[in-house]
Amino acid sequence: MIVNESVLSLGISLLALFIAGLLATRINQSLTAVFIVVGMILQNFFPVTIITEFIATLGIIFMLFMFGLEFSVGSLVNNQRKIFFSGIYDLIFNFPLGLLIGWLLGYDLIQSLLLAGIIYVTSSVIVAKSIIDLKRSANPETEYILNVLIFEDMFIATFLAFIVGISNYGQIDAKGIFIVILKTSAFFAFFIVLAKTSKKFVNKIIDIEHTELFVILILSIIVISAGAASYVGLSEAIGAFLAGLLLSETKQRHRISEAIKPFQQFSTAIFFVAFGMSIDYKHIGGMIPVGIFIFIISSFSKVYGGYFIGGKYALSKRAGLRLGLSLIPRGEFSIILAGAISMNSSVPYPIKSLTGVYVLLSAIIGSIVMKESDWFIKWFIERKDTEFKQTKKPLQGQLL
Amino acid sequence: MSEIKECDLPGIGKKFTLELDSGDKLVVVIHFSGEREVFKFMKGSDEPGSVTTLSDEEARQIGSILSGTYFQPVLEDEQKLMMKNVTMEWIKITDDSTLANKKIEELNIRKMTGASITTIIRGETVIPNPRAGEIIKPHDTIIIIGNNDQINKFISTFEIKQRIENDRQ
């Protein structure tokens, strides 16, 4: 009976996702935010079942796998200087802020680090989609936005491995950090060496014409990589990510993407719903003011950081501001991070609920800000210009 | 003339920027999906003045028009100048041609086939409306005019093998 009920609830969840998603695309809202809201509503009707939880786990794995698969190592190598510097500025402006907020909220060091990651990482899914939809792909600031995103995603993938490793170890001390870094680098090194040395071998193994066997083989590679990472005390997600990177260099890349995409879309949607369902209404009231506070502070730092990067690369004020205003939405990675560590319940501000509020705010408002950035920029620049004139006038008078 | 600037857009595709002599900028973004977007940026502006989205196929068509390699398929296939019922045909005279080294009047072309020679092209010189006494030489190109029947008759009567496929400029 339990199985039947959970299958039915899964079906209802999917139908609700479809209807909500349809409405969301009408008003150009991000699906991520809508799926979380659906989850929050559905928790009133049925609990998170084992099936949903299992699919949600697969959702993280597939998401990271696809991310690795579609990751362009080529453009990373070609633009490494630009990516590195814009990424570092963005990191300096936004990562320590989260640590500080975590400390203010009374989190311990691991939790504060986690919060820093959650606040730091912009959603590349939402932003990239908005850029395409708003026809901004040719704008001068766009390449810098994408460079920041690519850096953030790389950073967070590594950070995820580290933070889960540290959390599994239990505490932050020199020995723990050493062990976790050793494990993480060994794991990364294994895949990088495999990708570099056995390209032909990997190509040969996955060159299978039979469609069904092909899918099964690819799935086994993904799940084994994820499982192995989990087995050595790292995050499953990082294993899947590295498997994706490994296979992204093969000739079958496109076919793999086609084959796995439906699994990924399905399980990722369920992952967002499950996350929404796990947000506790009891906490949410108290989380909203904190969430709004963090949202405002971190939006300012993101916009200012973006504007700063624009200035460094000689973009116009307008383009620089658009750069900053495009970095507000948070999404998939923040949620993955929030769910990555199970925390004890004595924490004053439960990180899952807080992240829920924060991601919803920033995904929804961030998308709107991106779309409506023009009038803000106009207002901002006109104000600056009048200020500029006012301060400039007496000076000119003196010179004359 | 200015160079084309190339730039990766990770996750989206590739961007090509061409600064025009007028100071405007033309930007082409090729998406990974195959879709092309063409943006025009006015001089000094960093927001596009216009955007056009093209599918892969449309982009190729536009591309061939811009590069000047696009022809109407009818012209390309037949490579003949079609006027209502009249056809002009370019014919290369070979060494062993029955036409070679003969005066036009000797050949009785008009009488035997109905077609007539309008032009002789000899190297760099062009002889329009050649006189009856003109001698056709090997390696000449002649242009004859007539309806389809007359042209075909000309070709069979004088055993022409080498018709010129659109060498006329």
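The values are calculated or read from the model by the stated rules, or taken from the named source; none is laboratory data. Given the structure is predicted, the values throughout are model-derived calculations rather than measurements. Neighbour counts run over all protein chains shown; Cβ positions are idealised from the backbone, glycine included.
Restricting the first residue to the range B:125-140 and requiring it to be polar (S, T, N, Q), which pairs with a second residue that is not in a loop (DSSP other than H, G, I, E, B) meet a Cβ separation below 7 Å and a spacing of at least six or different chains?
What qualifies is B:129/B:118.
Taking the options A:28, A:79, A:94, name whichever one is touching a strand residue (DSSP E or B) at 6+ places or on another chain (Cβ under 7 Å) and closer than 28 Å to residue A:310 by Cα.
None of the others qualify; the one that does is A:79.
Looking at the range A:235-257, which of its residues are under 22 Å from the mean Cα position of the chain (by Cα) and not hydroxyl-bearing (Ser, Thr, Tyr)?
If the condition is that a residue be under 22 Å from the mean Cα position of the chain (by Cα) and not hydroxyl-bearing (Ser, Thr, Tyr), then A:236, A:237, A:238, A:239, A:240, A:241, A:242, A:243, A:244, A:245, A:246, A:247 are the ones that fit.
Of the residues A:166, A:145, which single one is within 14 Å of chain B (Cβ to nearest Cβ), under 21 Å from the mean Cα position of the chain (by Cα) and part of a helix (DSSP H, G or I)?
Result of the check over A:166, A:145: A:145.
Which of the residues that make up the range B:31-52 are assigned to a strand (DSSP E or B) and either touching a Leu at 6+ places or on another chain (Cβ under 8 Å) or within 8 Å of chain A (Cβ to nearest Cβ) (or both)?
B:31, B:36, B:37, B:38, B:39, B:40, B:41, B:51
Kindly indicate the residue of the range A:126-142 that is assigned to a helix (DSSP H, G or I) and at the interface with another protein chain (Cβ under 9 Å from one of its Cβ atoms) and also farthest from residue B:48 (Cα to Cα) among those meeting that condition.
A:128
Go through (1) outside any helix (DSSP H, G or I); (2) of a type in the set (A, V, I, L, M); (3) more than 7 Å from chain B (Cβ to nearest Cβ) and name the single condition residue A:115 misses.
The one condition residue A:115 does not meet is (1).
With touching a residue at least 12 places away in the same chain (Cβ under 8 Å), surrounded by fewer than 12 Cβ atoms within 10 Å (Cβ to Cβ) and on the phi < 0 side of the Ramachandran plot as the only criterion, which of B:22, B:50 stands out?
Of B:22, B:50, the one residue that is touching a residue at least 12 places away in the same chain (Cβ under 8 Å), surrounded by fewer than 12 Cβ atoms within 10 Å (Cβ to Cβ) and on the phi < 0 side of the Ramachandran plot is B:22.
How many residues does the range A:106-136 contain that are farther than 25 Å from residue A:66 by Cβ and either in contact with a helix residue (DSSP H, G or I) (Cβ under 7 Å, 6 or more places away or on another chain) or among the small types (Gly, Ala, Ser) (or both)?
8
Select, from B:46, B:21, the only residue that is among the charged types (D, E, K, R) and modelled with pLDDT of 85 or more.
From the options B:46, B:21, the qualifying one is B:21.
For the range B:1-30, how many residues meet the condition of being more than 7 Å from chain A (Cβ to nearest Cβ), of a type outside the set (Gly, Ala, Ser) and part of a strand (DSSP E or B)?
Here the count works out to 12.
Among the residues of the range A:67-81 satisfying the criterion of being within 12 Å of another protein chain (Cβ to nearest Cβ) and buried (at least 19 other Cβ atoms within 10 Å of the Cβ), which is modelled with the highest pLDDT?
A:67
Hey, does the range A:372-394 have a residue that's of a type in the set (A, V, I, L, M, F, W, C) and either part of a loop (DSSP other than H, G, I, E, B) or modelled with pLDDT of 85 or more (or both)?
no
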